[in-house]
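Below: the structure, in C-alpha cells.
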Amino acid sequence: MYKFIQLLVLLALLKLFAPEVFSLIFDLLGFMANLISELLSSLQSGGTLDGTFTDFGL
C-alpha cells in the first residue's frame, strides 16, 4: 500500500513539474497496450508475428 501511495505522489509531481514526461509515460503505456493487443489478436487468428512487428516499425 505504501509503494502505491509513493507511485501516486510521484505521478502527481511529474504532472505538476514535468507534464511532457508525464505525457510521454502514458504515450508509451498506450503504445505497449496496443502492441500487446495486436500480438494477441495475431496469435489468436493463427497468423504470424512478422506483420505485426512491421506495422509497429519494429
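Values quoted throughout were computed directly from the atomic coordinates according to the rules given, and no laboratory measurement underlies them. Keep in mind the model is a prediction, meaning the values are calculated, not measured. Positions of Cβ are backbone-derived with ideal geometry, glycine not excepted, and every protein chain shown enters the neighbour counts.
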Please sort 21-30, 1-10 by packing, taking for each peptide the average over its residues of neighbouring beta carbons within 10 angstrom, highest first. 21-30, 1-10
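Between I36 and L8, how high is the FRET efficiency from 1/(1 + (r/R0)^6) when r is the Cβ-Cβ distance and R₀ = 35 Å? Nearest 0.05.
On the way: r = 24 Å, r/R0 = 0.69.
Taking R0 as 35 Å, the efficiency between I36 and L8 is 0.90.
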